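Quick notes on the structure that follows.
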Amino acid sequence: FPNQYTEQEAKKLGVVGWVKNTSQGTVTGQVQGPEESVNEMKSWLSKVGSPSSRIDKTSFSNEKEISKLDFSDFNTRY
């Protein structure tokens with residue numbers, strides 16, 4: 001399950017954070033950036049995703065405004 005498409009989309013939208021595949025066959029991660037860009041990323045994750053993925057449902061939580069970014073780029077964690 002390649003996350004390169006997620007990384008490409010994040011970089012295109014200018015958001016930072018990470019994504020990781022879980023042993024349960026789901027994906028978890030964190031996205032930070034301007035609100036509009038984060039919302040676009042959420043929409044992409046909910047409706048598009050990587051070509052090999054099947055999206056049954058998405059859940060976003062712990063949303064809050066931050067004063068500075070915790071990450072400098074977007075990458076895949078293993």
Filter the chymotrypsin sites (Phe, Trp or Tyr not before Pro) in region 39-77 to those in DSSP coil with at most 12 other Cβ atoms within 10 Å of their Cβ, and list the result. Phe60
Share of carbon and sulfur in the accessible heavy-atom surface of region 2-76 [1.4 Å probe, %]: 46 percent
What's the longest bit of the chain with no exposed trypsin sites (Lys or Arg not before Pro), using DSSP loop states and at most 14 other Cβ atoms within 10 Å as the test? 1-53
Using a probe radius of 1.4 Å on heavy atoms only, what accessible surface per residue do you get for region 2-76? Whole Å² is fine. 71 Å²
Relative to the first principal axis of the alpha-carbon coordinates of the chain, what is the inclination of helix 35-47, with its axis defined by its Cα atoms, in degrees from 0 to 90 and to the nearest 10? 10 degrees
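Looking at the chain, identify the longest residue range that excludes and avoids all GluC sites (Glu not before Pro) in DSSP loops having at most 10 other Cβ atoms within 10 Å.
For GluC sites (Glu not before Pro) (loop position, at most 10 other Cβ atoms within 10 Å), the longest site-free span of the chain is 1-62.
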Which of the following values of P(r) over Cα pairs in 10 Å bins from 0, in percent was calculated from the structure shown: (1) 19, 33, 25, 16, 7, 0; (2) 17, 45, 24, 10, 4, 1; (3) 18, 57, 23, 1? (3)
If one takes the longest principal axis of the Cα atoms in the chain, at what angle in degrees, from 0 to 90 and to the nearest 10, does the Cα axis of helix 4-13 lie? 30 degrees
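The values are calculated or read from the model by the stated rules, or taken from the named source; none is laboratory data. This is a predicted model, so every value here is computed, not measured. Ideal geometry is used to build each Cβ from the backbone, glycine not excepted, and the neighbour counts take in all protein chains shown. Protein only, heavy atoms only, side chains kept; ligands, DNA and RNA dropped before computing areas. Shrake-Rupley method; radii C 1.70, N 1.55, O 1.52, S 1.80 Å.
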